[in-house]
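Structure first, then comments.
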Amino acid sequence: MSTTSNNTITAGLLAYGMSGKVFHAPFLHTHNGFNLKAVVERSNKNAANDYPEITSYNSVDELLNDSEIELVVVNTPNNLHYEHAKAALLKGKHILVEKPFTATSTQAKELFELADKSGKQIFFYQNRRWDSDFASVKKVLASGKLGKLNEMHLRYDRYRNTIGPKAFKEKAIEASGLLYDLGPHLLDQVISLFGKPISYYKTLGKNRKGTEVDDYFTIQLNYPDSVNVFVTSSMLVVNPQAAFVLHGVYGSFIKQRADIQEEQLLAGMKLTDDVYGIEPKGKEGLLTTIDDEGNKTETIIPSEIGSYLPLFDAVYESLTSDKPYPVTRENVITQLEILES
């Protein structure tokens, strides 16, 4: 790959809606390894309010034709990911693609082949691996205090009882519905821990009046050594349940979904702020263990600090030093095969 003389990678965003403004631009702007040069804004021109030197293009084609841009962030609606990722690769760009990577595993494999032929790299934006709450779960698992894991539940719930305005989420088109919206987050977290399941069973539901797409799903994933993992999401949960529940032979761990990064970034907080990524007090996890005599011990587990900046570190290091990117093609194919089945 080619980078600028000071080893800085010039990047562009295909959209500056919530995802561009919150999940990408602040990190590309803050990271010393990237130069955020341009964004696509078809109508409202807002990016310059945040980044005065940025170039605002009117179309995807205009940005892709910018020869200085080396990395393109594909953060357009789900049903356009395949089309825009392919177009960027054909223009000789590396790509960072939001979830879901594509609608089908067939589309994904085609893009992998194209990237290999063109000598470009594909990166998958699975930012929830770097959430504070999930980092806390991983720390507890790594400690061994639960013993052999028997069962794990992951939930991502909301309460939205009306049909939303975003057609790519609410219309019966490719990669729409709650399964393709939040399923990639939950499945990637599970796959990052346990890999490909031996088997799985999936249930979808349509519960809101007039909905064209699924607004509920639950998937049971079966792993070796009798480990069962359940991922669930619903748009009709008034009282949020614990997001992470783990049961092992020596104890249990319960943790709320409490990562604060999205809320902080929406409020305009900078990544350099001292409290960035720190969960509010009272959101710590509870570890309950039992000894051989049957005595229970409850321990409050302090939350880890969340930051999506390591994801961009990984992209940069892969492009400049050929270090393996943590979200692999195999991870994504496993995820898509479950989503599309």
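The values are calculated or read from the model by the stated rules, or taken from the named source; none is laboratory data. What you see is a predicted model; the values in this text were computed from it and never measured. FYI the Cβ positions are ideal-geometry reconstructions off the backbone, even for glycines, and counts take in every protein chain you see. Heads up: the accessible areas ignore ligands, DNA and RNA and are worked out on the full protein's heavy atoms, side chains in. Shrake-Rupley method; radii C 1.70, N 1.55, O 1.52, S 1.80 Å.
Figures for the structure shown
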| quantity | calculated |
| --- | --- |
| Matching residues in region 208-233 - criterion: being open to solvent by 10 Å² or more (accessible area, probe 1.4 Å) and assigned to a strand (DSSP E or B) | TYR216, THR218, GLN220, ASN222, TYR223, VAL227, ASN228, PHE230, THR232 |
| Members of region 302-319 found to be open to solvent by 30 Å² or more (accessible area, probe 1.4 Å) and either within 18 Å of LYS139 (Cα to Cα) or not charged (D, E, K, R) (or both), listed by number | PRO302, SER303, GLU304, ILE305, SER307, LEU309, PRO310, TYR316 |
| Selection within region 100-153 - closer than 22 Å to GLU337 by Cβ, out of contact with any strand residue (DSSP E or B) (no Cβ under 6 Å at 6 or more places or on another chain) and among the hydroxyl-bearing types (Ser, Thr, Tyr) | THR102, THR104, SER105, THR106 |
| Hey, ASN207 touching a strand residue (DSSP E or B) at 6+ places or on another chain (Cβ under 7 Å), at pLDDT below 95 and over 23 Å from LYS255 (Cβ atoms) or not | no |
| Boolean, ASN150 is at pLDDT below 95 and either more than 27 Å from LEU265 (Cα to Cα) or assigned to a loop (DSSP other than H, G, I, E, B) (or both) | no |
| Residue match in region 50-65 (condition: in a helix (DSSP H, G or I), within 19 Å of THR30 (Cβ to Cβ) and either more than 23 Å from the chain's Cα centre (by Cα) or not basic (Lys, Arg) (or both)) | yes |
| Some residue of region 30-43 being closer than 24 Å to SER318 by Cβ, in a helix (DSSP H, G or I), open to solvent by less than 20 Å² (accessible area, probe 1.4 Å) and modelled with pLDDT of 95 or more | no |
| Some residue of region 60-71 being without any contact (Cβ under 8 Å) to a residue 40 or more places away in the chain, closer than 30 Å to ILE260 by Cα and open to solvent by less than 10 Å² (accessible area, probe 1.4 Å) | no |
| Count of region 191-201 residues which are assigned to a helix (DSSP H, G or I) and either open to solvent by less than 20 Å² (accessible area, probe 1.4 Å) or more than 17 Å from ARG128 (Cβ to Cβ) (or both) | 1 |
| Residue under evaluation LEU204, criteria (1) open to solvent by 60 Å² or more (accessible area, probe 1.4 Å); (2) in contact (Cβ under 8 Å) with a residue 60 or more places away in the chain; (3) under 11 Å from SER233 (Cα atoms), criterion not met | (2) |
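Each row is one residue, and each column tells you yes or no for (1) among the aliphatic types (A, V, I, L, M); (2) in a helix (DSSP H, G or I); (3) out of contact with any His (no Cβ under 6 Å at 6 or more places or on another chain); (4) free of Cβ contacts under 8 Å to residues at least 60 places away in the same chain.
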position: ASN161; (1), (2), (3), (4): no, no, yes, no
position: PRO165; (1), (2), (3), (4): no, no, yes, yes
position: HIS185; (1), (2), (3), (4): no, yes, yes, no
position: GLN189; (1), (2), (3), (4): no, yes, yes, no
